[in-house]
Amino acid sequence: MEHTITFLPQNKSIHLKAGGNLLNAARRAGVKIPTRCDGKAACLMCKVKVDADQLQALDPPTDAERRKLGSLLDAGTRLACQAKVRGAVSVHVPEDPLKAAIRKQLELQQQENDDWF
């Protein structure tokens, strides 16, 4: 059975068979989720967020996720390389840190410009 996986804020969706992981789904959808360990739960770079009401759409966390994420699991953080799909789900992909810094700087500049008028 296939399920719809939606990646936010990109708003890109893809259909994925049950048991597939979020990292592979993101790659197929053209959504960049960084990783160095190629899906072995070693680098912690592929963290994503899933809303509490949608966590049941994923298999329970693996032992590797439990060891690596600890209390972050309670906030809906999962490792995309380990989180396997069993239902339709929306996944929040964190913004690239460099892009976030540039966006914040541009927002500050715009606010300063607005304050002058």
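The values are calculated or read from the model by the stated rules, or taken from the named source; none is laboratory data. It should be emphasised that the depicted structure is a prediction, and the values quoted were computed from it without experimental measurement. Glycine gets a Cβ as well: all are built from the backbone with ideal geometry, and neighbour counts include every protein chain shown.
A few remarks follow.
- Out of Lys32, Lys40, one residue alone is touching a residue at least 60 places away in the same chain (Cβ under 8 Å), more than 17 Å from His3 (Cα to Cα), in contact with a helix residue (DSSP H, G or I) (Cβ under 9 Å, 6 or more places away or on another chain) and surrounded by fewer than 13 Cβ atoms within 10 Å (Cβ to Cβ). It is Lys32.
- Enumeration of residues in the stretch 90-107 that are aliphatic (A, V, I, L, M) and either in contact with a Phe, Trp or Tyr (Cβ under 6 Å, 6 or more places away or on another chain) or surrounded by 10 or more Cβ atoms within 10 Å (Cβ to Cβ) (or both): Val91, Val93, Ala100, Ala101, Ile102, Leu106
- Remark: Leu73 falls outside the filter, which requires a residue to be in contact (Cβ under 8 Å) with a residue 12 or more places away in the chain and touching a strand residue (DSSP E or B) at 6+ places or on another chain (Cβ under 9 Å).
- Residue check, Thr77 surrounded by 15 or more Cβ atoms within 10 Å (Cβ to Cβ) and at pLDDT below 95: no
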